[in-house]
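Peer 1: Before I ask anything, let me first share the structure, which is written out below as structure tokens.
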Amino acid sequence: MATAQAPQQKFDILVAGAGASGLIAAIALARTGHSVALVGKTPGPLPGRTVALFEGSLRHLDDLGLREPLEEIAAVVKGIRIIDDTSSLFRPPPALFTADEIGLDAFGLNVPNDDIVAMLSKVLDSMREITRIEAFVSTYDFRADGVTAFLDDGREIECAVVVAGDGRNSPARKAAKIEIKEWSYPQTAITGILRHRRPHDGITTEFHTRFGPFTFVPMPSTDEAPRRSSLVWLMPPAEAKRRLALKPRELAAEIEDQSHYRYGAIEIEGSLGAFPMAGMRTLKVSGPRLMLVGEACHVFPPLGAQGLNLGIRDSADAALALDGVDLSNAKAIDSAVAEFEKSRRADIDIRTRGVDILNRTLLADFLPVDFLRGVGLAAVTAIGPLRRAILREGIEPTLARTLANFAPGSRG
Ligand SMILES: Cc1cc2nc3c(=O)[nH]c(=O)nc-3n(C[C@H](O)[C@H](O)[C@H](O)COP(=O)(O)OP(=O)(O)OC[C@H]3O[C@@H](n4cnc5c(N)ncnc54)[C@H](O)[C@@H]3O)c2cc1C
């Protein structure tokens with residue numbers, strides 16, 4: 001890794017944001033042969049937050065040499081169990097989906113957010129093709145002939161293209177005046193790491209409650225704690241406030257209760273996190289000389305573990321669109337940006353709307369909606385080909401690719 005000191009420097013591509021999406025984008029873009037600067041400060045800790053990454057994402061990470069270091073810090077997820085815990089009249093029976101049904105050893109890996117960011121940072125710091133700049137971008141000047149980024153430490157970066165992984169309030173998106181639609185849900189997610197008496201057997205268990213999912217995801221064992229899971233528990237904000245004020249043992253007892261004692265006695269390890277649930281989508285995922293990746297262009301609640309998986313596909317598509325492009329040619333850049341827009345649109349829309357609908361059906365407490373959700377899950381469970389198609393789509397989306405290929409003017 002090189003470090004930039006001069007007040008003004010030039011790179012082909014500036015990646016903004018040192019969260020997981022920005023780091024993965026920078027590593028992927030460095031493979032395209034362009035010079036890359038990553039501008040961002042090391043993010044603070046996200047207590048109790050983990051990300052489950054599916055096989056499709058792991059294949060992209062493998063191409064970047066990131067799968068092996070990830071495997072060292074992650075737990076394997078071999079199956080997903082869904083339990084309707086809404087007390088609805090139309091409650092389908094619990095459903096267990098396992099990776100071997102679609103010929104895989106595992107659906108993916110679950111890893112603490114802070115650990116994946118630290119691992120990606122370490123890899124990035126060892127890459128001579130990337131210049132890391134510990135600063136924030138204050139403002140951008142997007143012009144027809146290039147982009148200038150003005151940093152908060154007084155430096156200026158000239159580049160041909162910006163790839164922005166600068167989070168849900170994305171300054172790059174604002175500078176490019178890309179419109180967004182934002183909404184909120186009456187839910188807060190409490191996150192934490194739990195030690196428990198009974199094994200998880202490599203299975204994620206998602207209880208669907210009337211207030212949203214209550215999910216246990218396998219975590220790697222440690223010497224002191226052989227059985228660990230991460231918790232994501234959605235609930236009304238007032239309940240989250242009450243629960244966060246409890247003593248750890250009292251809260252552990254509520255978690256045991258809510259899990260119907262499936263995991264036996266529970267102990268909370270370390271700090272808990274609390275995250276208000278919101279949604280955001282952008283009218284476009286690109287602008288002139290700009291591509292958005294990760295939460296800069298999609299935010300939704302953690303149902304079905306989709307967020308960073310989508311962010312990884314954003315980064316992979318940004319690198320694909322810019323690979324081999326002559327960045328001194330404005331028309332070639334316009335075409336690459338248009339290709340990125342087309343390849344990402346359907347995938348992001350399907351995930352954002354799908355998660356929104358599922359979350360709202362849980363919150364609805366309305367019989368016809370319960371009926372449709374119950375019938376939907378029962379059909380997916382019972383009809384073999386549908387079941388396998390949905391499992392495959394969950395881990396390596398192809399529907400969005402098909403739609404993107406049918407879009408007018410598509411190359412594919
Ligand atoms: C409770 C919970 C559970 C989740 N579980 C899963 C899961 O199991 N699987 C999954 O795939 N996803 C999951 N997600 C979603 C996932 O965590 C997010 O999609 C992911 O962390 C977003 O990463 P990001 O890099 O896009 O954004 P961020 O992590 O927000 O990073 C953005 C970065 O940009 C930086 N930045 C901001 N402004 C500037 C600037 N001007 N200049 C430079 N840098 C800037 C910020 O400091 C930050 O470091 C979950 C989310 C939640 C809330």
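Peer 1: With respect to residue 168, is the statement that it is farther than 30 Å from residue 260 by Cβ and either small (Gly, Ala, Ser) or not in a strand (DSSP E or B) (or both) true?
Peer 2: yes
Peer 1: Given the condition without any contact (Cβ under 8 Å) to a residue 40 or more places away in the chain and either in contact with a His (Cβ under 8 Å, 6 or more places away or on another chain) or more than 12 Å from the ligand (Cβ to nearest atom) (or both), answer yes or no: does some residue in segment 200-212 qualify?
Peer 2: no
Peer 1: Also, I was wondering about something else. Give just the number: which of (1) more than 16 Å from the chain's Cα centre (by Cα); (2) farther than 22 Å from residue 36 by Cβ; (3) assigned to a helix (DSSP H, G or I); (4) of a type outside the set (Lys, Arg) does residue 115 not satisfy?
Peer 2: Just one mismatch for residue 115, condition (1).
Peer 1: Within segment 262-273, is there a residue that is under 22 Å from residue 165 (Cα atoms) and in contact with a helix residue (DSSP H, G or I) (Cβ under 6 Å, 6 or more places away or on another chain)?
Peer 2: Scanning segment 262-273, I find no residue that is under 22 Å from residue 165 (Cα atoms) and in contact with a helix residue (DSSP H, G or I) (Cβ under 6 Å, 6 or more places away or on another chain), so the answer is no.
Peer 1: For residues in segment 319-337 being more than 14 Å from residue 285 (Cα to Cα) and among the aliphatic types (A, V, I, L, M), which is nearest to the ligand (Cβ to nearest atom)?
Peer 2: Here the residue is 319.
Peer 1: Being of a type in the set (Asp, Glu), more than 12 Å from the ligand (Cβ to nearest atom), farther than 21 Å from residue 42 by Cα and in the same structural domain as residue 8 (by TED's automatic domain parsing), is that true of even one residue in segment 158-175?
Peer 2: The answer is yes; a qualifying residue exists.
Yes or no, residue by residue, for (1) assigned to a helix (DSSP H, G or I); (2) modelled with pLDDT of 90 or more; (3) touching a Ser or Thr at 6+ places or on another chain (Cβ under 8 Å):
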| position | (1), (2), (3) |
| --- | --- |
| 328 | no, yes, no |
| 336 | yes, yes, no |
| 339 | yes, yes, no |
| 352 | yes, yes, no |
| 378 | yes, no, no |
| 390 | yes, no, no |
| 405 | yes, no, no |
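Peer 1: If you don't mind, another one. Determine which member of the set 315, 328, 343, 286 is small (Gly, Ala, Ser) and surrounded by fewer than 19 Cβ atoms within 10 Å (Cβ to Cβ).
Peer 2: Checking each option against the conditions leaves just 328.
Peer 1: Would you tally the residues in segment 127-157 being closer than 26 Å to residue 65 by Cβ and assigned to a strand (DSSP E or B)?
Peer 2: Adding up the residues that qualify gives 4.
Peer 1: Between 131, 139, 148, which is surrounded by fewer than 14 Cβ atoms within 10 Å (Cβ to Cβ) and touching a Phe, Trp or Tyr at 6+ places or on another chain (Cβ under 9 Å)?
Peer 2: Every option except 139 fails the conditions.
Peer 1: Just for segment 76-116: of the residues that are in contact with a Ser or Thr (Cβ under 8 Å, 6 or more places away or on another chain), closer than 20 Å to residue 47 by Cβ and not polar (S, T, N, Q), which one is surrounded by the fewest Cβ atoms within 10 Å (Cβ to Cβ)?
Peer 2: 112
Peer 1: Could you run through segment 286-318 and say how many residues are more than 9 Å from the ligand (Cβ to nearest atom) and either within 13 Å of residue 19 (Cα to Cα) or assigned to a strand (DSSP E or B) (or both)?
Peer 2: 6
Conditions (1) free of Cβ contacts under 8 Å to residues at least 24 places away in the same chain; (2) within 11 Å of the ligand (Cβ to nearest atom); (3) more than 17 Å from residue 110 (Cβ to Cβ); (4) not assigned by TED's automatic domain parsing to the domain that holds residue 294, marked per residue:
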| site | (1), (2), (3), (4) |
| --- | --- |
| 15 | no, yes, yes, no |
| 30 | no, no, yes, no |
| 42 | no, yes, yes, no |
| 69 | no, no, no, no |
| 79 | no, no, no, yes |
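Peer 1: Confirm whether residue 304 is under 18 Å from the mean Cα position of the chain (by Cα), within 22 Å of residue 191 (Cα to Cα), modelled with pLDDT of 90 or more and not aliphatic (A, V, I, L, M).
Peer 2: no
Peer 1: Please work out if residue 295 is at negative phi and surrounded by fewer than 21 Cβ atoms within 10 Å (Cβ to Cβ).
Peer 2: In short, no.
The values are calculated or read from the model by the stated rules, or taken from the named source; none is laboratory data. Not measured: the values here are computed from a predicted model. Note that we place each Cβ from the backbone using ideal geometry, even for glycine, and neighbour counts take in every protein chain shown.
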